[in-house]
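The values are calculated or read from the model by the stated rules, or taken from the named source; none is laboratory data. Please read these numbers as outputs of a predicted model, since none were measured by experiment. Neighbour counts are summed over all protein chains in view; Cβ atoms, including those assigned to glycine, are modelled from backbone coordinates with ideal geometry.
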Amino acid sequence: MVLDARLAAAVARRAPLAVDPQTTAYRLIHRAADGFPDLAVDRYADVLVAHLYERGRRVRPPTRLFKALAEHVGAQSVYLKYRPEQASILGAAELEALAPRAPLFGRPVDEVEVLENGTRFIVRPADGLSTGLFLDMRDARAWLRGHVHGLTILNCFAYTCGFGLAAWLGGAARAANLDVSRRYLDWGRANAARNGLSPQPTDLIFGDVFDWLKRFRRSGTTFDGLILDPPSYATTKKSRWVLETDYAALVAQAAPVVTPGGWLLACANTHGLSTKTFVAQLRSGLAQAGASAAKLGPVQHEPALDFPVAAGEQPYLKICRITI
């Protein structure tokens with residue numbers, strides 16, 4: 001099946017990734033930057049996951065396009081995710097409807113193992129709106145792995161422990177992973193096992209990040225490196241979190257848990273937060289923590305190869321390393 005010009009250009013752009021035997025997971029289509037404003041497609045080995053940005057509406061998917069893309073890259077299955085504006089306010093039944101467990105076409109796949117710079121990750125294509133691995137953090141995980149030897153690391157909002165896995169493989173003295181979901185922490189433990197690692201039970205911490213940061217401060221526990229990669233929205237029994245307005249408060253609580261001379265890796269992934277506002281929130285949080293002298297590094301973004309930025313747009317992902 002012949003690819004149309006937009007699709008052919010998108011595939012050609014990712015050619016270096018397609019031939020890299022150490023990386024089998026990357027983004028094939030990145031919305032407007034590739035000429036598809038309401039569509040993103042991720043490749044996980046021989047499975048494609050398509051994200052339709054139609055405010056959660058179950059629109060008719062471009063099946064012909066997906067079949068052409070799957071045939072060209074050798075994918076055996078295509079799964080759909082209808083992206084809502086805010087997933088945290090939806091019930092289980094609504095979320096299930098937005099992420100059908102059956103593929104659009106191809107064989108059902110419960111689990112697929114992928115590589116990212118040689119690291120093994122478990123991806124579950126039918127497991128809700130998120131599949132277990134955020135591909136835009138590839139460069140950040142690679143940086144972390146090369147800069148943690150002998151350090152103690154706290155990975156907040158750990159999800160399936162992608163940063164924790166990078167830290168363990170990079171020789172960290174300790175890499176603690178903190179998340180409010182036991183299921184995701186178990187998934188992180190499974191990721192570690194795929195790479196021949198057996199993390200200590202105390203390094204998979206279940207609970208609310210804000211509560212645990214308070215505990216660490218009270219006990220005087222600090223870490224050489226701390227990673228903040230929060231969701232855009234979150235609702236717990238005690239609080240409601242909105243990244244665009246609440247990031248400064250998070251930084252204010254996290255900064256005191258960093259060992260003097262250590263660093264905080266602050267991440268934000270939302271289109272609605274400009275780089276300028278992100279930096280302003282970081283500075284505000286540091287000031288609240290009495291750490292105004294902390295040094296902010298340059299703001300980095302997602303990998304340009306498979307996450308290009310459309311003309312007139314700004315990157316979604318912002319990452320800043322702060323030396324405390």
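For residues that are over 13 Å from the mean Cα position of the chain (by Cα) and crowded, with 21+ Cβ neighbours inside 10 Å, scanning just the stretch 124-144, find the one that is nearest to residue 320 (Cα to Cα).
Filtering the stretch 124-144 for residues over 13 Å from the mean Cα position of the chain (by Cα) gives 124-128, 142-144.
Now restrict to residues that are crowded, with 21+ Cβ neighbours inside 10 Å: 125, 144.
Values: 125: 30, 144: 13 Å.
Residue satisfying both the conditions and the ranking: 144.
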- Query: Of these, 133, 178, which one is closer than 20 Å to residue 250 by Cβ and hydrophobic (A, V, I, L, M, F, W, C)?
  - Reply: 178
- Single condition residue 234 does not satisfy, out of (1) outside any strand (DSSP E or B); (2) touching a helix residue (DSSP H, G or I) at 6+ places or on another chain (Cβ under 8 Å): (1)
- Query: Can you tell me which residues in the stretch 92-121 are touching a Ser or Thr at 6+ places or on another chain (Cβ under 7 Å) and surrounded by 16 or more Cβ atoms within 10 Å (Cβ to Cβ)?
  - Reply: 103, 104, 106, 109, 114, 116
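Is it the case that residue 221 is part of a loop (DSSP other than H, G, I, E, B), modelled with pLDDT of 95 or more and either touching an Asp or Glu at 6+ places or on another chain (Cβ under 6 Å) or more than 22 Å from residue 116 (Cα to Cα) (or both)? Steps first, answer last, please.
Numbers: part of a loop (DSSP other than H, G, I, E, B): yes; modelled with pLDDT of 95 or more: yes; either touching an Asp or Glu at 6+ places or on another chain (Cβ under 6 Å) or more than 22 Å from residue 116 (Cα to Cα) (or both): yes.
Against the criterion (part of a loop (DSSP other than H, G, I, E, B), modelled with pLDDT of 95 or more and either touching an Asp or Glu at 6+ places or on another chain (Cβ under 6 Å) or more than 22 Å from residue 116 (Cα to Cα) (or both)), residue 221 qualifies.
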